[in-house]
1. Can you find even one residue in the stretch 103-119 that is farther than 19 Å from Ala37 by Cα, out of contact with any strand residue (DSSP E or B) (no Cβ under 8 Å at 6 or more places or on another chain), open to solvent by 60 Å² or more (accessible area, probe 1.4 Å) and without any contact (Cβ under 8 Å) to a residue 60 or more places away in the chain?
2. For Lys146, which of the numbered conditions (1) touching a residue at least 40 places away in the same chain (Cβ under 8 Å); (2) surrounded by 15 or more Cβ atoms within 10 Å (Cβ to Cβ) fails to hold?
3. Looking only at residues that are assigned to a loop (DSSP other than H, G, I, E, B), free of Cβ contacts under 8 Å to residues at least 60 places away in the same chain and among the hydrophobic types (A, V, I, L, M, F, W, C) in the stretch 51-74, which one is most open to solvent (accessible area, probe 1.4 Å)?
4. Say whether the condition of being free of Cβ contacts under 8 Å to residues at least 12 places away in the same chain, part of a strand (DSSP E or B) and of a type outside the set (Val, Ile, Thr) is met by at least one residue in the stretch 121-132.
5. Can you tell which of Asp158, Asp129, Asp141 is acidic (Asp, Glu), under 22 Å from Leu100 (Cα atoms), more than 13 Å from the chain's Cα centre (by Cα) and open to solvent by 30 Å² or more (accessible area, probe 1.4 Å)?
6. Considering only the stretch 171-197, state which residues are hydroxyl-bearing (Ser, Thr, Tyr), surrounded by fewer than 18 Cβ atoms within 10 Å (Cβ to Cβ) and under 24 Å from Ser38 (Cβ atoms).
Amino acid sequence: MKSSKTAKRILSLVLAVAVVASSVIAAPLQKRASAAASYGAYLCLTTEMWTFRNAHNDSKFSNELQNTTNELAPAASKAKFTDVKSMKKAKKAKKYTVSLTGLKPEVIGNETAFNTLFVDTSIPGTMKDKISVTNVQVFFDGKKVKTFKKAVLTPDPDKTDDFTQIQIINTWNSRVPTFKYTMPKKSIKVTYTIKFK
C-alpha cells in the first residue's frame, strides 16, 4: 500500500513538471507565431468603364484585369499585378510596393477617371487602429501624381469591413481627397510605409 502511494506521488510530481515544462515551451512558441504573422497587399481598382480588380476576399478576385460590363481590350491580358505576399507584423516601419505593369493605352488609358483605386490588405478591419500607414506615393507611368503623408484607411469609423484598405481614389467616399491626374497608359505603382503599433 505504501509503495502504491509513493508511486502515485511520483507520478503526480512528473505530471506537474511536464505541465510546467510544456507551458514554458509554449510561451515562446506563441510569441514566435505572433511575431511571424504576416499579411498580403493587393492593388485594386475600378474605372469609369468598369474595368476592375476586386478585393482579395471577393469571389471575382483575379490576378488579371476584368470587365463584365464592357468589352475589355485584348491587350489587358498582358497586364501584370505585383502584390505584397508578406507584410510582417512588426513595430519597425517598413516600405512596400504594389503595382500594375504591362498596360497598353487601349486598356484603360483612353478613359477619363477611376471610380476607385486602393491597396487592399488581408489585415483584419478590427486591426485598423493598430497600424500606422504613411508616405503613400502614387505613380502613373513612372510619374508621381500624389503623396499622402498619412493614409486614408478603411473601414470608415462607423463601418465593420472585414479587411483594412489604403484608399487612394474613391468617388463614393468623401473621406478620400480628390486630386488631378491623367489615366495611366503603361503602369501604376503605389508605395507605402506601414508600422504595427
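The values are calculated or read from the model by the stated rules, or taken from the named source; none is laboratory data. Bear in mind the structure is a predicted one, so any value in this text is a computation, not a measurement. With ideal geometry, Cβ positions are generated from the backbone for all residues, glycine too; neighbour counts draw on all protein chains shown. In case anyone asks, the SASA skips ligands and DNA or RNA and just uses the protein heavy atoms, side chains included. Shrake-Rupley method; radii C 1.70, N 1.55, O 1.52, S 1.80 Å.
1. Checking the stretch 103-119: at least one residue is farther than 19 Å from Ala37 by Cα, out of contact with any strand residue (DSSP E or B) (no Cβ under 8 Å at 6 or more places or on another chain), open to solvent by 60 Å² or more (accessible area, probe 1.4 Å) and without any contact (Cβ under 8 Å) to a residue 60 or more places away in the chain.
2. Here Lys146 clears every test but (1).
3. Phe61
4. Looking through the stretch 121-132, none of the residues is free of Cβ contacts under 8 Å to residues at least 12 places away in the same chain, part of a strand (DSSP E or B) and of a type outside the set (Val, Ile, Thr).
5. After applying the criteria, what remains is Asp141.
6. If the condition is that a residue be hydroxyl-bearing (Ser, Thr, Tyr), surrounded by fewer than 18 Cβ atoms within 10 Å (Cβ to Cβ) and under 24 Å from Ser38 (Cβ atoms), then Thr191, Thr193 are the ones that fit.
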